[in-house]
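The values are calculated or read from the model by the stated rules, or taken from the named source; none is laboratory data. Just so we're clear, the structure is a prediction, and the values are computed from it rather than from any experiment. Reconstructed Cβ throughout: ideal geometry from the backbone, glycine too, with neighbour counts over all protein chains shown.
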Amino acid sequence: MRHLLQVLAFALFVLAASGAALTGAHAGPEITAQGFDISLPREGRLEQFERLRIRVEAAERIKELSITERSYEVDLATTLDKANYRLFGIEKRLRLHKDVTLNFQTYINERIAAPGAYEFLIRVEDHEDDVATARLLVIVAAQEETTAARTAKPVKTGVFRFVRAGPGRVEGAEDLGITWKTIDEVAVVIRIEAPSEGVAFTEKLAALDYDKITDIADLADLTEPGAASVASAYVDLPTANNAAAGRLLAIDTPEKYFLMKLGRSETSLSSSGTTVVLEGEYKYFEK
């Protein structure tokens, strides 16, 4: 009988220890869509996008909640800029919160100025260093035409990624045919050159808001004298340490006019020499 009691006591001890271990476990953070499937793109009209809510939960409290869309990036757990709060329907920073519902409606209607596909990267990290990420893709269509706006012609848009390793060809630039050479090894300044005669570059576009260029007429205005700096057959661009981010570059060809916005520049050393990566987006119209 005494032996049986000892066995039962040991079993109870094991169960208690197991329960304690289970109690100590924690669930990582979660990101869920409210009322829609986040794996599918959400569609809406320019400046008329409907409510779009994302729920973020972190039992161990939020340490970081970052949102990235094109060149915009913010950590809603640490930022003190209240303008960011309004864009996502919150009242204060979210550090130490266990849950929050974000509404992307205001951001989309106020910061997206042209039809196209736009992707948000959402990342949450809790105080146990567990991380959850999600991608939200929205497709913004032009507003329904009114009688006064039927002559409007939206610009065409796209994204680019140019890569060149050492003296090799520039990958991803086949449509433009552009190439470049390094003229400063320290700052990795590259000289982008025209592929042929009749192509001109314009850089340092004066006081231009890229996001507000939505119509072909807006883009065509940039080709007028005095709209920007003098066009040339090449342009010099520093690329080390993301130095090219935010720079605007216009490429005028006999067939098309491109306005390019650089979102990122990256350099690294490889066996072939210095590798340069340029990423960004562009708008264009056909002449």
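Before moving on, here are some points about what is shown:
- Test for Gln105: is it surrounded by fewer than 19 Cβ atoms within 10 Å (Cβ to Cβ) and either assigned by TED's automatic domain parsing to the domain that holds Gly158 or touching a Phe, Trp or Tyr at 6+ places or on another chain (Cβ under 6 Å) (or both): yes
- Of residues in region 85-102 being of a type in the set (D, E, K, R) and surrounded by fewer than 18 Cβ atoms within 10 Å (Cβ to Cβ), the one nearest to Ile31 (Cα to Cα): Asp99
- Flag set for Arg111, criterion: basic (Lys, Arg), surrounded by 13 or more Cβ atoms within 10 Å (Cβ to Cβ) and closer than 18 Å to Arg45 by Cα.
- Filter result (under 30 Å from Leu278 (Cβ atoms), out of contact with any helix residue (DSSP H, G or I) (no Cβ under 8 Å at 6 or more places or on another chain) and exposed (fewer than 13 other Cβ atoms within 10 Å of the Cβ)) within region 44-84: Glu73, Asp81, Ala83
- Residues of region 263-287 classified as under 25 Å from the mean Cα position of the chain (by Cα) and free of Cβ contacts under 8 Å to residues at least 24 places away in the same chain, total: 2
- Scanning region 144-164 for residues that are over 21 Å from the mean Cα position of the chain (by Cα) and either at pLDDT 85 or above or β-branched (Val, Ile, Thr) (or both) returns Thr146, Thr147, Thr151, Pro154, Arg164.
- Going through (1) part of a loop (DSSP other than H, G, I, E, B); (2) more than 18 Å from the chain's Cα centre (by Cα) one by one, Ile38 falls short only on (2).
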